[in-house]
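Enquirer: I am attaching a structure below and will ask some questions about it afterwards.
The values are calculated or read from the model by the stated rules, or taken from the named source; none is laboratory data. Worth saying up front: this structure is predicted, and the values here are computed from it rather than measured. Quick reminder, even Gly has a Cβ in these numbers, built from the backbone with ideal geometry, and neighbours come from all protein chains shown.
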Amino acid sequence: MTDKQKELLRDNEQLCDLQLDGLFLIQPDDVFHFGTDAVLLSNFAKLPKGARVIDLGTGTGILPILLSAKTEAAHFTGVEIQEKAADAAKRNVIINGLEGKIDIIEGNITEMTAKFGKSSFDAVVTNPPYKRSKSGIRSDDDAEYIARHEVSCTLEDMIKTASELLVPYGNFYMVNRPERLADAIETMRKYRIEPKMLQFVSKDSGKAPVMFLIHGVHLGGKNLKVLPSLHTSEEK
């Protein structure tokens, strides 16, 4: 571990080697940890060279950090409402020397249009809370509950904000659970983000999907392409 890493790492935190271009991620024990879904979304998102990208609900900054290595996008903004996660995300930017390429904003996603103005980004990526508010069993871990459930914002809030922030024909990329697919497509069309590509992810071949990846284009024409399914042995 380098002196810089030791300086930025705190008690009850782990340093995760991302196995990509020498990148690392600080993971506090009491903050929701990234999973396969974030990695799959970073592979799915095709960002044009020079793009300005915003990640709605960035957590500890995993998506901007992965995408900074996998794409030629010019700049990333990560938005996170949870203070501890946002703090870790800011340190993750520093630990990887990405201060000039990634900014982390602590705040509510619904405030970002007022902050940045409409049509401010070429692409939006998001790994939002999968579960509707008050659905499922209430976790005693507040950080996990907020990360998994629509507490601070809903799926509609996410998509509405994405539509406002995107330039015309800007790209929207999201990962979510299959039970939210109908909600996602209906809401995307409501806010004029036309679904263009859909890919299901299952644990094994022949098993029901556990996630879906979707790409939409703001003000795009109607033409949805369903890609071959992906299979993974890990599930969020």
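Enquirer: Does Thr36 satisfy the criteria of being surrounded by 13 or more Cβ atoms within 10 Å (Cβ to Cβ), polar (S, T, N, Q), under 23 Å from Phe212 (Cβ atoms) and touching a residue at least 60 places away in the same chain (Cβ under 8 Å)?
Expert: Considered against the rule, which asks whether it is surrounded by 13 or more Cβ atoms within 10 Å (Cβ to Cβ), polar (S, T, N, Q), under 23 Å from Phe212 (Cβ atoms) and touching a residue at least 60 places away in the same chain (Cβ under 8 Å), Thr36 comes out as yes.
Enquirer: Okay, moving on. Evaluate the following for Gln27: is it more than 27 Å from Gln199 (Cα to Cα) and touching a His at 6+ places or on another chain (Cβ under 8 Å)?
Expert: yes
Enquirer: Out of all the residues in the stretch 37-88, which are under 19 Å from Lys115 (Cβ atoms) and among the polar types (S, T, N, Q)?
Expert: Of everything in the stretch 37-88, those that are under 19 Å from Lys115 (Cβ atoms) and among the polar types (S, T, N, Q) turn out to be Thr58, Thr77, Gln82.
Enquirer: Filter the stretch 79-100 down to residues that are among the polar types (S, T, N, Q) and more than 27 Å from Gly50 (Cβ to Cβ), then give me how many there are.
Expert: The qualifying residues number 1.
Enquirer: Which of the residues spanning the stretch 158-188 are in a helix (DSSP H, G or I), closer than 20 Å to Lys131 by Cβ and either at pLDDT below 95 or not aliphatic (A, V, I, L, M) (or both)?
Expert: Listed by number, the residues that qualify are Lys160, Thr161, Pro178, Glu179, Arg180, Asp183, Glu186, Thr187.
Enquirer: Let me ask you something else. With the structure loaded, tell me whether Gln14 is outside any loop (DSSP other than H, G, I, E, B), of a type in the set (S, T, N, Q), in contact with a Phe, Trp or Tyr (Cβ under 9 Å, 6 or more places away or on another chain) and farther than 28 Å from Ala162 by Cα or whether it fails that test.
Expert: No.
Enquirer: Output yes when any residue across the stretch 172-183 is surrounded by 15 or more Cβ atoms within 10 Å (Cβ to Cβ) and farther than 25 Å from Thr110 by Cα, and no when none is.
Expert: no
Enquirer: List pairs: first residue in the stretch 179-196 and over 13 Å from Met158 (Cα atoms), second residue of a type in the set (S, T, N, Q) and exposed (fewer than 15 other Cβ atoms within 10 Å of the Cβ) anywhere in the structure, Cβ distance under 7 angstrom, at least six positions apart or on different chains.
Expert: Close Cβ pairs (under 7 Å, with a partner that is of a type in the set (S, T, N, Q) and exposed (fewer than 15 other Cβ atoms within 10 Å of the Cβ)) amount to Lys196/Asn223.
Enquirer: Being under 18 Å from Thr113 (Cα atoms) and surrounded by 18 or more Cβ atoms within 10 Å (Cβ to Cβ) is the filter here; which residues of the stretch 192-216 pass it?
Expert: The one that is under 18 Å from Thr113 (Cα atoms) and surrounded by 18 or more Cβ atoms within 10 Å (Cβ to Cβ): Ile193.
Enquirer: Here's something else I'd like to know. For the stretch 33-50, how many residues meet the condition of being touching a Lys or Arg at 6+ places or on another chain (Cβ under 6 Å) and aromatic (Phe, Trp, Tyr)?
Expert: Summing the residues that are touching a Lys or Arg at 6+ places or on another chain (Cβ under 6 Å) and aromatic (Phe, Trp, Tyr) in the stretch 33-50 gives 0.
Enquirer: Starting from residues that are in a loop (DSSP other than H, G, I, E, B) and within 15 Å of Val93 (Cα to Cα), keep the ones in the stretch 21-37 and report whichever is nearest to the chain's Cα centre (by Cα).
Expert: Leu23
Enquirer: Does any residue of the stretch 40-62 turn out to be surrounded by fewer than 22 Cβ atoms within 10 Å (Cβ to Cβ), under 13 Å from the mean Cα position of the chain (by Cα), closer than 30 Å to Val167 by Cβ and among the aliphatic types (A, V, I, L, M)?
Expert: Within the stretch 40-62, one or more residues are surrounded by fewer than 22 Cβ atoms within 10 Å (Cβ to Cβ), under 13 Å from the mean Cα position of the chain (by Cα), closer than 30 Å to Val167 by Cβ and among the aliphatic types (A, V, I, L, M).
Enquirer: Could you tell me which residue of the stretch 217-236 is surrounded by the fewest Cβ atoms within 10 Å (Cβ to Cβ), considering only residues that are touching a Phe, Trp or Tyr at 6+ places or on another chain (Cβ under 9 Å) and assigned to a strand (DSSP E or B)?
Expert: It comes out as Val226.
Enquirer: For the stretch 29-78: of the residues being modelled with pLDDT under 95 and in contact with a helix residue (DSSP H, G or I) (Cβ under 8 Å, 6 or more places away or on another chain), which is nearest to Asn12 (Cα to Cα)?
Expert: Among those that are modelled with pLDDT under 95 and in contact with a helix residue (DSSP H, G or I) (Cβ under 8 Å, 6 or more places away or on another chain), it is Asp30.
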